[in-house]
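Presented below is the structure to which this report refers.
We did not get these values from a lab; they are worked out from the coordinates using the rules stated. Please read these numbers as outputs of a predicted model, since none were measured by experiment. Quick reminder, even Gly has a Cβ in these numbers, built from the backbone with ideal geometry, and neighbours come from all protein chains shown.
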């Protein structure tokens with residue numbers, strides 16, 4: 001599983017190098033993310049589609065791209081948050097994670113960097129929107 005993710009990441013880097021930094025690259029990256037989401041089995045597909053919609057509408061400055069073979073969202077080429085399919089990773093649940101690029105630091109020195117996702121209710125979407133807003137602030 002880890003070996004496959006590393007191979008996918010190497011392939012992503014080669015693809016990025018070929019595409020350059022154009023609007024065509026951004027469109028191709030988003031198509032890659034949407035294609036990866038469409039390959040996911042239910043219920044992960046529906047969950048990933050909703051996460052994608054919430055992130056892209058809440059923070060349009062984040063560019064969708066693949067990262068280790070899974071959907072991610074970057075600013076200036078640096079991934080800020082990512083979705084991990086539980087089924088692809090052979091885990092009990094999917095997750096939404098944030099990298100060190102995200103502005104989620106808490107005053108008390110402790111904060112979560114990943115969230116387990118089994119469904120996304122309206123309250124969950126509101127929480128996700130707030131996390132994304134804070135991450136890009």
Exercise for review: Please specify each residue of region 55-74 satisfying the condition of being touching a residue at least 12 places away in the same chain (Cβ under 8 Å) and surrounded by fewer than 16 Cβ atoms within 10 Å (Cβ to Cβ).
Suggested key: 61
Review point. Of the residues that make up region 115-122, is at least one touching a strand residue (DSSP E or B) at 6+ places or on another chain (Cβ under 7 Å), within 18 Å of residue 28 (Cβ to Cβ), touching a residue at least 12 places away in the same chain (Cβ under 8 Å) and surrounded by 12 or more Cβ atoms within 10 Å (Cβ to Cβ)?
Key: no
Review point. Among the candidates 38, 94, which residue alone is more than 16 Å from residue 135 (Cβ to Cβ) and out of contact with any helix residue (DSSP H, G or I) (no Cβ under 6 Å at 6 or more places or on another chain)?
Key: 38
Review point. From the residues in region 93-107 that are free of Cβ contacts under 8 Å to residues at least 24 places away in the same chain and in a loop (DSSP other than H, G, I, E, B), which one is nearest to the chain's Cα centre (by Cα)?
Key: 99
